[in-house]
Amino acid sequence: MTAGRPDRPPLLELRGVRAGYGEVEVLHGVDLVVPERCLFALLGPNGAGKTTTLSVIAGLHRATDGDVVLAGRRVNGATADQLARRGLCLVPEGRGIFPNLTVRENLLMATHTGSPIADVEARTFARFPRLRDRRGQLAGTLSGGEQQMLAMARGLATDPALLLLDELSMGLAPILVEELYGLVAEVAAEGVSIVVVEQFARMVLGVADRAALMVRGRVEAQGGPAEIEGALSGAYLGQ
């Protein structure tokens, strides 16, 4: 596990956040605290509001009430581009790659922050050696697990302080999910704070420092992995 602890200063806070679509409210006063250097799992059944929460954090969806605080600064109304420049990166559900570009071209797209492609490739292939042999291959022809590795590599190329991962396991076999979460834990150990939205709840709890359980747009529980695991069955079966 990473060094994240609840007594560390929070890197991210959500305070009473409400959001919705049209007249339908989806988030009903969400409170979250993500410490620095923490791997934080956001769990809950389908329709709980997890992806909407990530969208609000990333500046893709506007909160109708409450505060989003990043590194001690209120960022309500900030655009996704502005938040990216402050060190926030989202890897969205369903991969985050350009399928008609090669692996190398996908990585080249991540050099807009000023990192030379040679440095980006060196860091990527050290973390994800499988991609080295596929650097000239079209990203859309990679396996699902390799596409997720590439999506993570593109996000990490921007040297983020906070990485948001939405449904990393989607469409993947459990053995690949386990491998990916081993890699996620390694990235978190390097000091990157990570918030993961995940359906494979017990898989991510095995590497998480902190977790929260969402049900019907509200955070029902927040704490250590053991605390949250005890509340999982009731939340999913109750849904």
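Structure notes:
- Within the stretch 177-196, residues that are within 15 Å of Leu12 (Cα to Cα) and outside the structural domain of Ile57 (by TED's automatic domain parsing) reach no partner that is at pLDDT 95 or above and buried (at least 24 other Cβ atoms within 10 Å of the Cβ) with beta carbons closer than 9 Å at six or more positions or on different chains.
- For the stretch 191-222, the set of residues classified as under 16 Å from the mean Cα position of the chain (by Cα), modelled with pLDDT of 95 or more and among the charged types (D, E, K, R) consists of Asp209, Arg210, listed by residue number.
- Leading residue by the ranking (farthest from Val91 (Cα to Cα)) among those in the stretch 8-52 that are of a type in the set (Asp, Glu) and not in a strand (DSSP E or B): Glu23
- Residues considered: Leu60, Leu54, Leu42. Of these, the only one that is surrounded by 24 or more Cβ atoms within 10 Å (Cβ to Cβ) and either at pLDDT 95 or above or among the β-branched types (Val, Ile, Thr) (or both) is Leu42.
- Residues that are part of a strand (DSSP E or B), in contact (Cβ under 8 Å) with a residue 24 or more places away in the chain and either among the charged types (D, E, K, R) or in the same structural domain as Gly114 (by TED's automatic domain parsing) (or both), drawn from the stretch 53-86: Asp65, Asp67
- Test result for Val24, surrounded by fewer than 22 Cβ atoms within 10 Å (Cβ to Cβ), closer than 30 Å to Ala231 by Cα and not charged (D, E, K, R): yes
- Residue within the stretch 127-147 that is touching a Ser or Thr at 6+ places or on another chain (Cβ under 9 Å), within 28 Å of Gln199 (Cα to Cα), of a type in the set (A, V, I, L, M, F, W, C) and touching a residue at least 40 places away in the same chain (Cβ under 8 Å) present: yes
- Leu172 being part of a loop (DSSP other than H, G, I, E, B) and either modelled with pLDDT of 95 or more or not assigned by TED's automatic domain parsing to the domain that holds Thr113 (or both): yes
- Residue that is over 14 Å from the mean Cα position of the chain (by Cα), of a type in the set (Val, Ile, Thr) and under 30 Å from Pro45 (Cα atoms), where the choices are Val91, Val75, Val120: Val75
- Where Ala48 falls short, out of the listed (1) at pLDDT 95 or above; (2) out of contact with any Asp or Glu (no Cβ under 7 Å at 6 or more places or on another chain); (3) closer than 21 Å to Leu232 by Cα: (1)
- Looking only at the stretch 117-137, residues that are surrounded by 14 or more Cβ atoms within 10 Å (Cβ to Cβ) and not in a helix (DSSP H, G or I) come to 3 in all.
The values are calculated or read from the model by the stated rules, or taken from the named source; none is laboratory data. None of these values were measured; they are calculated from a predicted model. Every residue, glycine as well, gets a Cβ built from its backbone with ideal geometry; the counts of neighbours run over all protein chains shown.
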